[in-house]
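The values are calculated or read from the model by the stated rules, or taken from the named source; none is laboratory data. Predicted model, so just to flag it, every value in this text is computed and none were measured. FYI the Cβ positions are ideal-geometry reconstructions off the backbone, even for glycines, and counts take in every protein chain you see. Calculation scope for accessible area: heavy atoms of the full protein, side chains included, ligands and nucleic acids excluded. Shrake-Rupley method; radii C 1.70, N 1.55, O 1.52, S 1.80 Å.
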Amino acid sequence: MGIKLSKQNFAIVISKYYVSRCISLIDSIIKYDVKIFILCFDKQTLNILTRSISSKKVILTEYKKIINFDKTLKNVIKERKLIDKIVTSRPIFLKYLFKKYFIKNVFLLDSDIYFFSDPYNLKKYIKNSSVAYCEHNFSRKKIELSSKYGKFNGGFVYVKSDKNGISFLNKWS
């Protein structure tokens, strides 16, 4: 599918519980040269975003497309809670975006992030890396929270669609 390439690509995976946060995130970056790919986990999310956002910079994807893209996902998530289904679907969504839209790289973001300046500034931290992510910055109960949520923040991940980036996504998924 031919889409106009942008300076920066973002991917967000959300359900109806995070739509308002997602709209704020979109509002914070829509004025820049970006593409925003959103995986809508339910019809309510898709309907709200379709009515609320009318920009060619935002591309909405129904969850059933990801299930059809990776047939193993349906069995893996069957018994999981909603948040775990969302987290499990993230690397699959990024692989889907690379294959369907031929984008060169993407930032996966949690929907509760807000940008106060041009998100392209993130590139200076990425440099030529294939993958970039950051540690959680828990201020209190660091050991307890790290053991519960993990050392690294899965809500802010950069992946390039090269050999190392795809290898990372395959291991993550």
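Close Cβ contacts (under 8 Å, 6 or more residues apart or on different chains) running from residues in segment 127-150 that are free of Cβ contacts under 8 Å to residues at least 60 places away in the same chain and of a type in the set (A, V, I, L, M) to residues that are part of a loop (DSSP other than H, G, I, E, B) and open to solvent by less than 100 Å² (accessible area, probe 1.4 Å) comprise Leu145/His136; Leu145/Phe138.
With the condition kept exactly as written, say whether any residue in segment 139-148 is acidic (Asp, Glu), over 22 Å from Lys7 (Cα atoms) and touching a helix residue (DSSP H, G or I) at 6+ places or on another chain (Cβ under 7 Å).
In the first step, residues of segment 139-148 are kept if they are acidic (Asp, Glu); the result is 144.
Checking which are over 22 Å from Lys7 (Cα atoms) leaves us with 144.
Of the ones still in play, those that are also touching a helix residue (DSSP H, G or I) at 6+ places or on another chain (Cβ under 7 Å) are none.
No: zero hits.
Please work out which residue is most open to solvent (accessible area, probe 1.4 Å), limiting yourself to segment 35-54 and to residues that are in a helix (DSSP H, G or I) and touching a strand residue (DSSP E or B) at 6+ places or on another chain (Cβ under 7 Å). Please lay out each step first, then the result.
Of the residues in segment 35-54, the ones in a helix (DSSP H, G or I) are 43-52.
Remaining after also requiring touching a strand residue (DSSP E or B) at 6+ places or on another chain (Cβ under 7 Å): 45-46, 49-50.
Details: Thr45: 0, Leu46: 34, Leu49: 1, Thr50: 84 Å².
So, considering only residues that are in a helix (DSSP H, G or I) and touching a strand residue (DSSP E or B) at 6+ places or on another chain (Cβ under 7 Å), the one most open to solvent (accessible area, probe 1.4 Å) is Thr50.
Taking first residues from segment 73-84 that are under 14 Å from Tyr63 (Cα atoms) and partners that are of a type in the set (D, E, K, R), the Cβ contacts under 7 Å between residues at least 6 apart in sequence or on separate chains come to Ile77/Lys85.
In this structure, does Ser6 turn out to be out of contact with any strand residue (DSSP E or B) (no Cβ under 8 Å at 6 or more places or on another chain) and either touching a residue at least 12 places away in the same chain (Cβ under 8 Å) or of a type in the set (Lys, Arg) (or both)?
Numbers: out of contact with any strand residue (DSSP E or B) (no Cβ under 8 Å at 6 or more places or on another chain): no; either touching a residue at least 12 places away in the same chain (Cβ under 8 Å) or of a type in the set (Lys, Arg) (or both): yes.
Against the criterion (out of contact with any strand residue (DSSP E or B) (no Cβ under 8 Å at 6 or more places or on another chain) and either touching a residue at least 12 places away in the same chain (Cβ under 8 Å) or of a type in the set (Lys, Arg) (or both)), Ser6 does not qualify.
What about Ser24, is it open to solvent by 50 Å² or more (accessible area, probe 1.4 Å), at pLDDT 95 or above and not charged (D, E, K, R)?
Values: open to solvent by 50 Å² or more (accessible area, probe 1.4 Å): yes; at pLDDT 95 or above: yes; not charged (D, E, K, R): yes.
Yes, satisfied.
Name the residue that is farthest from the chain's Cα centre (by Cα), counting only residues in segment 51-68 that are of a type outside the set (Ser, Thr, Tyr) and more than 27 Å from Asp33 (Cβ to Cβ). Steps first, please.
To start, the set of residues in segment 51-68 that are of a type outside the set (Ser, Thr, Tyr) comprises 51, 53, 56-60, 62, 64-68.
Restricting the remaining residues to those that are more than 27 Å from Asp33 (Cβ to Cβ) gives 64, 67-68.
On the way: Lys64: 16, Ile67: 16, Asn68: 18 Å.
Only one residue fits best here, namely Asn68.
Just to be sure, is Lys104 open to solvent by 20 Å² or more (accessible area, probe 1.4 Å), out of contact with any strand residue (DSSP E or B) (no Cβ under 7 Å at 6 or more places or on another chain) and not hydroxyl-bearing (Ser, Thr, Tyr)? Considered against the rule, which asks whether it is open to solvent by 20 Å² or more (accessible area, probe 1.4 Å), out of contact with any strand residue (DSSP E or B) (no Cβ under 7 Å at 6 or more places or on another chain) and not hydroxyl-bearing (Ser, Thr, Tyr), Lys104 comes out as no.
Each residue in segment 111-146 was checked for being at pLDDT below 80 and open to solvent by less than 100 Å² (accessible area, probe 1.4 Å), and 5 pass. Residues of segment 110-128 that are in a loop (DSSP other than H, G, I, E, B) and among the polar types (S, T, N, Q): Ser111, Ser117, Asn128. No other residue among Tyr18, Tyr32 is surrounded by 14 or more Cβ atoms within 10 Å (Cβ to Cβ), within 13 Å of Asp112 (Cα to Cα) and of a type in the set (Phe, Trp, Tyr) apart from Tyr18. In segment 55-92, the residue that is least open to solvent (accessible area, probe 1.4 Å) out of those that are in a helix (DSSP H, G or I) and of a type in the set (Lys, Arg) is Arg90.
Given the options Tyr114, Tyr96, Tyr120, name the one that is touching a helix residue (DSSP H, G or I) at 6+ places or on another chain (Cβ under 9 Å), of a type outside the set (D, E, K, R) and over 13 Å from Phe156 (Cα atoms). Can you show your working first?
Values: Tyr114 fails: over 13 Å from Phe156 (Cα atoms); Tyr120 fails: touching a helix residue (DSSP H, G or I) at 6+ places or on another chain (Cβ under 9 Å).
Residue meeting the stated conditions: Tyr96.
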